[in-house]
Amino acid sequence: MSENISKPAKAAEKEVVLSGIRATGHLHLGNYFGALSKFVRMQHDYDSRYFVADLHALTTSPDPSALHENVRNIVAEYLAAGLNPDEATLFVQSDVPEVSEMYLLLNMHVGIGELMRTASFKDKARKALGINSDSDDIEKEIIGTDSNKRVNAGLLTYPTLMAVDILIQKAKKVPVGKDQEQHLELTRRFARRFNSFYNVELFPEPTNFDFGGKPVKVPGLDGSGKMGKSEGNCIYLIDDEKTLRKKVMRAVTDEGPKEPNQPVSQPVENLFTLLELTSAPEVVQQYRDAYADCSIRYGDLKKQLAEDILKITLPIRERVIDLQNDDVTIRRILARGAEQARETAAKTLAEVRHVMGIRRF
Ligand code: TYM
C-alpha cells in the first residue's frame, strides 16, 4: 500500500463516483449486490469515493457504543470485499465536517413537504411509531406530543444529507440499490433547484449506475420483498458456513408446483432471484426448467444456493477476520481518505458559501 497522500494525477480526469453505506451493522447480501460489488467493479475506471455513513446511522440508531464498532466493521468489510485504498478514496462521513455545514445550507432550499412525502421517511416514521398500516396520514401521529421524540428531524432531513454527500463531491454516478432511487431523484431535484435559484452551474445531476442492467433489489429469505437489517431476514457477509447454510435451508417456500408452468409464488421467486445473483446462468435455467416440469426439489435448490453464496462470502469473511482488529491499517487508510475527500468538499463548500452570499469581510 502506498503512503502517498495525493491521488495519481490521472484520477482528476476521471468521472467522480460516490456512494456510501450506513454504519448500522454488518453488511448483508443486499448491500453487497446493490452497492459494494459495484463499488469494487467501478473503482479502477472512475475517480471512486466510498464512505461509511455514520451520521446517517444516527437517524435511526443513536447508540454510542455500537457506532464506532460498526464503522470499523464496515471499513473492514469494504476492504475484504476488494476495495483498494490505492484505487478508491475510502472515508468516514463525519471526518468531512464540510458535509455538515453544507447540509445546513442546502436545507434552506428543501421543502418540509417533499421530505415528508419521501417513501423511506414514511416507512421509518411508521416503524418508529409502531404503525403497521400503509396509511399516508402519518403527519398527525408525528405531530402528536410524545411521538416527536421517536421521529427525529434528522430522519426527515436524511435526503438533504445524502444529497450533500453526493453534491459536495460533484459526483455524477452513484451506485446504489433500487431502494435508494427516490433519494437520488431528490438529489437531482435539489441540484437543479440550487443551480437555477442562484443562476450557476455548480452541481451535476447524478444518476444511479448498474453496468447497463437494472438496479438491484435483493429479496429476503422470509418471503418478503427486500433483504434488510431492520427486516431481520439477512445473510451477512460475515456469516459462518453453518449459520449461512441454516439460514438458506430455512428460507420460506411453498408446497411446490402442482401443474406444469404454474406461476411462481413470491417466496420461491425470491430464491430464484438470489440464485440469479450468485449462480451461473445454466444453473438457474436448470432449476427454472425443473420448476416448470414440476420435478423441482426445493431442498436441492437451497443447497445449490447456499453453496454458491458461500463461494462469494467465505473468502470475504476470512479477510474481514484478518482486518477487523487491524486498527493501524484502518486508521491510516481513513486518514488518507478523509484528507482526499475534504479537499474537494472544502472547494465545493467555499463555492456554495460564495454563491449564497456568505462572504468574509
Ligand atoms: P443503506 O445502508 O441503507 O444501504 C446501503 C446500500 O445497500 C443497498 N441495499 C440494497 N440493495 C439491493 N437490495 C437490498 N435488499 C438492499 N439493501 C440495501 C442500498 O440501496 C444502498 O446502496 N442512504 C444510503 C447511504 C448513503 C448514500 C449517500 C448512498 C448516505 N449518503 C450518498 C449514496 C450516496 C443507504 O441506503 O444506506
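The values are calculated or read from the model by the stated rules, or taken from the named source; none is laboratory data. These numbers were taken from a predicted model, which means no experiment stands behind them. Cβ atoms come from the backbone with ideal geometry, glycine included; neighbour counts cover every protein chain shown.
Some points to look at:
- Residue within segment 124-133 that is under 25 Å from Asn208 (Cα atoms) and in contact with a helix residue (DSSP H, G or I) (Cβ under 8 Å, 6 or more places away or on another chain) present: yes
- Total residues in segment 233-249 satisfying the condition of being out of contact with any helix residue (DSSP H, G or I) (no Cβ under 6 Å at 6 or more places or on another chain), within 15 Å of the ligand (Cβ to nearest atom), in a loop (DSSP other than H, G, I, E, B) and touching a residue at least 60 places away in the same chain (Cβ under 8 Å): the figure is 1.
- Of the residues contained in segment 167-190, none is found to be among the aromatic types (Phe, Trp, Tyr), buried (at least 16 other Cβ atoms within 10 Å of the Cβ) and in contact with a Leu (Cβ under 6 Å, 6 or more places away or on another chain).
- Output for segment 242-291, where each listed residue is closer than 18 Å to Met227 by Cβ and among the charged types (D, E, K, R): Arg245, Lys246, Lys247, Arg250, Glu269, Glu276
- Residue in segment 3-19 that is surrounded by fewer than 23 Cβ atoms within 10 Å (Cβ to Cβ), outside any strand (DSSP E or B) and within 12 Å of the ligand (Cβ to nearest atom) present: no
- Filtered by the rule that a residue be surrounded by 15 or more Cβ atoms within 10 Å (Cβ to Cβ), at pLDDT 90 or above and not in a loop (DSSP other than H, G, I, E, B), segment 123-160 gives Gly154, Leu155, Leu156, Tyr158, Pro159, Thr160.
- Against the criterion of being over 14 Å from the mean Cα position of the chain (by Cα), aromatic (Phe, Trp, Tyr) and more than 10 Å from the ligand (Cβ to nearest atom), Phe197 qualifies.
- In segment 270-302, the residues that are part of a helix (DSSP H, G or I) and under 23 Å from the mean Cα position of the chain (by Cα): Asn270, Leu271, Phe272, Thr273, Leu274, Leu275, Glu276, Leu277, Thr278
- Of the listed requirements (1) in a helix (DSSP H, G or I); (2) among the small types (Gly, Ala, Ser); (3) farther than 15 Å from Asn31 by Cα, Ser230 misses just one: (3).
- Of all the listed residues (Val328, Val252), the sole one being surrounded by fewer than 18 Cβ atoms within 10 Å (Cβ to Cβ), part of a helix (DSSP H, G or I) and of a type in the set (Val, Ile, Thr) is Val328.
- Residues being acidic (Asp, Glu) and either in contact with a strand residue (DSSP E or B) (Cβ under 8 Å, 6 or more places away or on another chain) or under 13 Å from Met249 (Cβ atoms) (or both) - total across segment 270-321: 2
- Those helices (runs of 4 or more DSSP H) lying entirely in segment 24-112 with at least 1 residues more than 14 Å from the ligand (Cβ to nearest atom) and small (Gly, Ala, Ser): 64-80
- Number of residues in segment 229-249 that are buried (at least 19 other Cβ atoms within 10 Å of the Cβ) and more than 16 Å from Leu275 (Cβ to Cβ): the value is 6.
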